[in-house]
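The values are calculated or read from the model by the stated rules, or taken from the named source; none is laboratory data. Just so you know, these numbers come straight off a predicted model, no measurement behind them. Every residue, glycine as well, gets a Cβ built from its backbone with ideal geometry; the counts of neighbours run over all protein chains shown.
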Amino acid sequence: MSRLQSPIPLVVIVGPTASGKSSLALRLAESLGAEIVACDAMQVRAGLPLLTAKPTPHELARIPHHLIGAFGADEPATAARYAEQADDVIAAIHARGKRVILCGGTGLYLRALCEGLVATPKADPEIRVRLRAQAETEGIAALHAQLAEIDEASAARISKADYVRIERALEVYELTGKTMTDWHRENQAERAQGPRYQTIRIGLDPGPETLRERIAVRTQSWLQDGLCEEVASHHAQHGPMQFPPLGYQQVLRHLYGTGSDHLDQASMLREICQKTAQYARRQRIWFRSEPGIAWYEDGVQVDSTHIDAGSISIPPSEEVPYVM
């Protein structure tokens, strides 16, 4: 992927789940005459519109949205593949003379699209099968110790419980003879050439307590709108999911679990809210470490007069109410 795909900056709206990103993106898109591109690992997968908080049919009719459901439910939706598809969509939107609003909560997608990723080799199924067998017999800690022997810097960055990143680091070393630290070092020279896209970044974060309240309200509304029926229908048609979204397993346990595996409705809702709040916390940590984001605690009032070619000026967020 080449550098600086377009001189027109993308307007980026990020933040944890339930922070009001979609509502703001819609209002801003209408004001700017823009189109919205999803930047969310759950929304880009097909199916389960309630559980993945996809835009409603009414919202889709208001403003063109792109990459919603672009990947199959069990199709790999890596950051690299996302960036490739987003490049094509963004180019087409610009060709129509429209602005682009990138909206979502997946920080790795945003980084891949706007800054690029380390160009490491593709996964090797045989190596992964062997590493997983080793992890099952010796434990993940043994693989982490193995990584520390060949790449001390990566091992220091990666948690001893983070099997996915441990596996990838060992896999890359076996395939190339270079450590992930070496790959990152070499990639820094390319990134020094500049970003792939210029961006104007808006972050919404009302705080953990408010987020927990909104997550609870949203989850209860999903239940009333047919969440269990949605999951039951998807499970009947497709069977077990390889990449289930948050809450999917809890609904299945409520519908089909037996004995200690069964969740009554109250327990199901509680677990979904807890896991979603944990996910929101991880999102908050990621985005708070990202540079160049103008942060607001709540829904903000934005129109085209606040955005020019490369800067943004938004009134204080407390002046307007949050819109779910």
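The table that follows gives values for the structure above.
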read-out	value
Boolean, Glu290 is in contact (Cβ under 8 Å) with a residue 24 or more places away in the chain, surrounded by fewer than 17 Cβ atoms within 10 Å (Cβ to Cβ) and among the acidic types (Asp, Glu)	yes
Number of the condition not met by Asp74 [criteria: (1) surrounded by fewer than 16 Cβ atoms within 10 Å (Cβ to Cβ); (2) in contact with a helix residue (DSSP H, G or I) (Cβ under 9 Å, 6 or more places away or on another chain); (3) of a type in the set (Asp, Glu)]	(1)
Any chance Ile8 is of a type outside the set (Gly, Ala, Ser) and touching a Cys at 6+ places or on another chain (Cβ under 6 Å)	no
Any hit, segment 253-267, residues being under 24 Å from Lys21 (Cβ atoms) and crowded, with 20+ Cβ neighbours inside 10 Å	no
Failed item in (1) farther than 28 Å from Cys114 by Cβ; (2) part of a helix (DSSP H, G or I), with Lys160 passing the rest	(2)
Test: residue in segment 82-104 that is at pLDDT below 95, under 24 Å from Cys273 (Cβ atoms) and crowded, with 18+ Cβ neighbours inside 10 Å	no
Selection from segment 38-72 of residues that are of a type outside the set (A, V, I, L, M, F, W, C), more than 17 Å from Gly247 (Cβ to Cβ) and in a loop (DSSP other than H, G, I, E, B)	Pro55, Thr56, Pro64, Gly69, Gly72
Some residue of segment 232-242 being surrounded by 13 or more Cβ atoms within 10 Å (Cβ to Cβ) and in contact with a Ser or Thr (Cβ under 8 Å, 6 or more places away or on another chain)	no
Residues (assigned to a loop (DSSP other than H, G, I, E, B), out of contact with any strand residue (DSSP E or B) (no Cβ under 7 Å at 6 or more places or on another chain) and within 17 Å of Lys21 (Cβ to Cβ)) located in segment 78-118	Thr106
Qualifying residues in segment 121-135 (those that are assigned to a loop (DSSP other than H, G, I, E, B) and surrounded by 14 or more Cβ atoms within 10 Å (Cβ to Cβ)) - the one nearest to the chain's Cα centre (by Cα)	Ala123
Of all residues making up segment 10-37, the number that are at pLDDT below 95, over 20 Å from Asp205 (Cα atoms) and either part of a loop (DSSP other than H, G, I, E, B) or touching a helix residue (DSSP H, G or I) at 6+ places or on another chain (Cβ under 6 Å) (or both)	3
Selection status of Glu35, surrounded by fewer than 17 Cβ atoms within 10 Å (Cβ to Cβ) and either more than 17 Å from Leu113 (Cα to Cα) or touching a residue at least 24 places away in the same chain (Cβ under 8 Å) (or both)	no
Checklist (1) within 14 Å of Ala46 (Cα to Cα); (2) within 22 Å of the chain's Cα centre (by Cα) applied to Gln250, failing item	(1)
